[in-house]
Amino acid sequence: MGRENIYQALEVYYEQIDSCPLRDRIFNFFELVYVVAGKGKHTVNGNRIEFQVGDLFLITPQDCHEFDLEGMCEFMVVRFGESYVKDYQWKSIDHIECLLYYASQLSASVLVNEEDKHVVHQLMQTLRQVIAIETMYNEDLVRHLVNAILVIAARNIAMIQFEPLSNNTDMKMVSILNYIQEHIREPEQLKVTVVAPKFGMSPTYLGSYFRKHCGESFQSYISAYKIRLIEHRLLFSERRINEIVDEFGFADESHCNKFFKRHKGSSMSAFRKANSST
């Protein structure tokens, strides 16, 4: 199976095709695919689903996907690497990167909010017009449009991610999970004695409340979430180990390695080396 790479931080293009040009390819970048016209079936990591106009698919690094088209189809395609997401200072979504990676668990369109579908349609139309004409400040304008689409995609992914919870519990649980994701790089802000008062709970009650609604302990959830982010750093970024250690607030590399090895069975450097050629 071949690999598909990009050579710029951001690539945007429109295409009109009647057959999928890439098959059996693993992508080493994020790819947003918006269906402008046409229909057919989209396969992501073996999961096959019908697509239609207005669908927005988010392919994450290491995913394998392809389209089976029923006649001529039109797409807007946005490709970007992890560095693109990290370089932009997202004001409200510090954990946008992990939200985007959550799309690897999805096969359907990431757009679930009807109002957002209309907004994305307008943004994609504008993006197509902008890339068709070379003029001043095009690059900045393209980035602003892409960033708006990314925020909408992340917002919809968050809705999908928390939907099972919102059907069975109050929104306080969703707020607690959002807080954890927002402060995952700040260990001092994730102590149960700090979090509980923010939501009008005692530390003991927060522990039992969290386990009741999430099926795992407060600390187990934090650890699993942090491990997932560290894995993404090791697999898809060029950050040095000591930079990852600092990013997630560990006292030193030894402490971080013990934490990682306890969950993954190997040191961070060994994990990166073992997966670098896959």
Can you give the relative contact order of the stretch 150-278 as a percent, counting alpha carbon pairs under 8 Å and 6+ residues apart?
17
Along the charge dipole of the chain, which of Gln125, Thr43, Ile17 sits closest to the positive end, that is, farthest toward it, with unit charges on the beta carbon of Lys, Arg, Asp and Glu (+1, +1, -1, -1)?
Thr43
Mind running the shape call on the stretch 10-52? Use the C-alpha gyration tensor, a ≥ b ≥ c as the square roots of the eigenvalues: rounded below 1.5 for a/c, prolate if a/b tops b/c, oblate otherwise.
oblate
Would you tell me the accessible area of His144, worked out with a 1.4 angstrom probe on the heavy atoms of the protein chains, in Å² to the nearest 10?
120
GNM on the chain, C-alpha springs below 10 Å: top fluctuator among Arg79, Arg239, Arg143?
Arg239
Could you sort Lys198, Lys264, Lys86 by accessible area so the largest value comes first, with the probe set to 1.4 Å?
Lys198, Lys264, Lys86
Listed residues Arg233, Arg128, Arg262, Arg211 arranged by accessible area, highest first, probe 1.4 Å:
Arg262, Arg211, Arg128, Arg233
Answer in debye to the nearest 20: the dipole magnitude of the chain about its Cα centre, from +1 Lys/Arg and -1 Asp/Glu charges placed on Cβ, is 1200
Cα-Cα over 28 Å, subset of Lys198/Lys226; Lys191/Lys273; Lys198/Lys264; Lys86/Lys226:
Lys191/Lys273; Lys198/Lys264
When all protein chains stay in place, what accessible area (Å², nearest 10, 1.4 Å probe) is found for His263?
90
Listed residues Phe30, Ala251, Cys73: farthest to the positive end of the dipole of the chain (Cβ charges)
Ala251
For the pair Ser254/Lys39, report the inter-label distance in nm, with labels modelled 7 Å from Cα in the Cβ direction.
6.4
Would you mind computing, in nm to one decimal, how far apart the modelled labels at Tyr88 and Glu50 are, each placed 7 Å from Cα along Cα→Cβ?
3.3
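Hydropathy first: keep DSSP H helices in the chain averaging at least 0.0 on Kyte-Doolittle, then drop any whose Cα extent along the axis falls short of 30 Å, and list what survives. Walk me through the numbers on the way to the answer.
Details: long enough: 138-168 (46 Å, 0.37).
TM-like helix candidates: 138-168.
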From DSSP H assignment alone, runs of 4+ in the chain each adding -39500 (n - 2.57), the sum over residues rounded to the nearest 500 puts [θ] at 222 nm at -15500 deg cm²/dmol
List the relative contact order of the chain as a percent without decimals, with contacts defined as Cα pairs under 8 Å and 6+ residues apart.
14
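Could you give the accessible area per residue of the chain, probe 1.4 Å, as a whole number in Å²?
On the way: 14250 Å² over 278 residues.
The answer is 51 Å² per residue.
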Given the protein chains as shown and a 1.4 Å probe, how many square angstrom of Glu74 are accessible, to the nearest 10?
40
Pull out the extension gain between Ser223 and Ser175, defined as 0.36 nm times the separation in residues minus the alpha carbon to alpha carbon distance; nm, one decimal.
15.5 nm
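Test of understanding: what is the full-extension gain from His121 to Glu66, defined as 0.36 nm times their sequence separation minus their Cα-Cα distance?
Working: separation 55, 0.36 × 55 = 19.80 nm, distance 2.22 nm.
Extra length from His121 to Glu66 when fully extended: 17.6 nm.
The values are calculated or read from the model by the stated rules, or taken from the named source; none is laboratory data. Since the structure is predicted, the reported quantities are computational estimates derived from the model, not experimental observations. Virtual Cβ from ideal backbone geometry, glycine too; neighbours counted across all protein chains shown. In case anyone asks, the SASA skips ligands and DNA or RNA and just uses the protein heavy atoms, side chains included. Shrake-Rupley method; radii C 1.70, N 1.55, O 1.52, S 1.80 Å.
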